[in-house]
Ligand SMILES: C[S@@+](CC[C@H](N)C(=O)[O-])C[C@H]1O[C@@H](n2cnc3c(N)ncnc32)[C@H](O)[C@@H]1O
C-alpha cells in the first residue's frame, strides 16, 4: 500500500518528521484529516504494522456522540452558587434521575455497598474553551487548562466524586456536588479507594495555592440594611440566595479579578462582583468588606430588548427587582 500517494488515505497529509526523536522501529507521521478538522494530530505508527491505520483514521476523523443517561436535580440554579469542588461537610442532598426506557435501573444493580460514585457529566452551560484559563482561587495567574479543573475545556466533561446515599429505582440520592440544577450526566462509576485515591500525590500549583489560603480569611463581610432587605426579598420571593458564596469569596480577597468577576466601578470607590445573573456592589475598608446593594446583572434596556430577552436568566425576577428598587444612576 502506497501511503504517501494516497488511497485509501487520500485525505491525509503524511509527513515524515525526521526532526522528532522517535523509536527506530517506528515511523512518525503527522496526520491531518482533509479539511474537516482545524488542527493536525500527530501519531506514532509502528513501521511494519499498519493494520490499525483504518481504525486510527476513523477515530481521528469521526466523533463520539454521547447521550445523557440522566439529569441531576440540585438546589443550584446558577453556576455562581455551585462550589468549585463539592464540600463534604455540606449537608445537602441531590437527586440524579436516570432516564426511563433504557434499563438503567438494572445498570445500577450491585452499586449498593459503594459509599461513593464518580459522575461524568457535561459542562452544558459553557461554550468554547481556552488553552489558558485563570482559576478562581489564588493569584490572578493564567494556567494551562489541562492543569486545572476549569469548565472551559475542549471536551467539556466534568468529573465529580459524590457520596451515594441511597438508590430508589432510577433515582440516586447523592451528597454534596458541584453541578448546577439540570446538568446532563453521561456516566456513573464506582469510586474505589484502592484505585482512585492517592493521598500522597503532589498537586503542583494547587499545593502552593492551598498553602497560601491556609491562613484564616482576612476580611469580615457586612451587609447594609438595603442589601439585607434585597437579599431577603430575593430569597423569599424568588428562592435566589447567593450570600454564602459571596461572603466566602469576599472574605478571602475582594480585589479585582477576572474569573471571580470583581471589577472596580469607574470613578467611584466601589467594586462590583458578578453573582450569576446578579451583582453585588461593595466597598472595602481595613479588614471589612461592606456590601452596599444588590443589582440585576442586566440593565433594563437589555431586559426590554425582545432579541436578547429570551436568553436572559432570572429575567422575571430582575424585572420585579427593578420595579421595587429602580436602577441607580451609574
Ligand atoms: C471547577 S468545575 C469542577 C467540576 C468537576 N468537579 C471537575 O473537576 O471536573 C465546577 C464548577 O463548574 C460550574 N458548573 C457546574 N455545573 C455546570 C454546568 N452544567 N455547565 C457549566 N458549568 C457548570 C460551576 O461554576 C462549578 O463551580
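The values are calculated or read from the model by the stated rules, or taken from the named source; none is laboratory data. Everything numeric here is computed off the predicted structure, so don't read it as measured data. Cβ atoms come from the backbone with ideal geometry, glycine included; neighbour counts cover every protein chain shown.
Candidates in the stretch 134-163 are the residues that are surrounded by 17 or more Cβ atoms within 10 Å (Cβ to Cβ) and without any contact (Cβ under 8 Å) to a residue 24 or more places away in the chain; of these, the one that is nearest to the ligand (Cβ to nearest atom) is 150.
Does residue 169 satisfy being over 30 Å from residue 252 (Cβ atoms), surrounded by fewer than 14 Cβ atoms within 10 Å (Cβ to Cβ) and in contact with a helix residue (DSSP H, G or I) (Cβ under 8 Å, 6 or more places away or on another chain)?
Numbers: over 30 Å from residue 252 (Cβ atoms): yes; surrounded by fewer than 14 Cβ atoms within 10 Å (Cβ to Cβ): yes; in contact with a helix residue (DSSP H, G or I) (Cβ under 8 Å, 6 or more places away or on another chain): yes.
Answer is yes for this residue.
May I ask you to list the residues in the stretch 232-261 that are surrounded by 15 or more Cβ atoms within 10 Å (Cβ to Cβ) and farther than 22 Å from residue 321 by Cα? Across the stretch 232-261, the qualifying residues are 249, 250, 251, 252, 253, 254, 257, 260. Between 100, 86, the distinction of being under 30 Å from residue 260 (Cβ atoms) and modelled with pLDDT of 85 or more belongs to 86 only.
Does residue 188 satisfy the criteria of being loosely packed, with under 15 Cβ neighbours inside 10 Å and either touching a strand residue (DSSP E or B) at 6+ places or on another chain (Cβ under 6 Å) or not in a helix (DSSP H, G or I) (or both)? So residue 188 fails the test. Residue 166 meets each of the listed conditions (1) without any contact (Cβ under 8 Å) to a residue 24 or more places away in the chain; (2) in contact with a strand residue (DSSP E or B) (Cβ under 9 Å, 6 or more places away or on another chain); (3) part of a loop (DSSP other than H, G, I, E, B) apart from (3).
Whenever a residue of the stretch 45-64 is more than 20 Å from residue 154 (Cβ to Cβ), its partners that are outside any loop (DSSP other than H, G, I, E, B) and modelled with pLDDT of 70 or more, lying with C-beta atoms within less than 7 angstrom and at least six residues away or across chains, give the pairs 45/53.
If the condition is being surrounded by 13 or more Cβ atoms within 10 Å (Cβ to Cβ), more than 30 Å from the chain's Cα centre (by Cα) and modelled with pLDDT of 50 or more, then the stretch 34-78 contributes 50, 53, 56, 57. Of the residues making up the stretch 172-189, those that are farther than 17 Å from residue 122 by Cα and either touching a helix residue (DSSP H, G or I) at 6+ places or on another chain (Cβ under 6 Å) or within 16 Å of the ligand (Cβ to nearest atom) (or both) number 3. In this structure, is residue 120 touching a residue at least 24 places away in the same chain (Cβ under 8 Å) and either within 16 Å of the ligand (Cβ to nearest atom) or more than 29 Å from residue 250 (Cα to Cα) (or both)? So residue 120 fits the description; yes.
Residue 227 passes every criterion in (1) out of contact with any strand residue (DSSP E or B) (no Cβ under 8 Å at 6 or more places or on another chain); (2) in a helix (DSSP H, G or I) apart from (1).
Here are some residues: 248, 270, 295, 327. Which one is more than 22 Å from the chain's Cα centre (by Cα), under 21 Å from residue 219 (Cα atoms) and without any contact (Cβ under 8 Å) to a residue 60 or more places away in the chain?
Exactly one residue qualifies, and that residue is 270.
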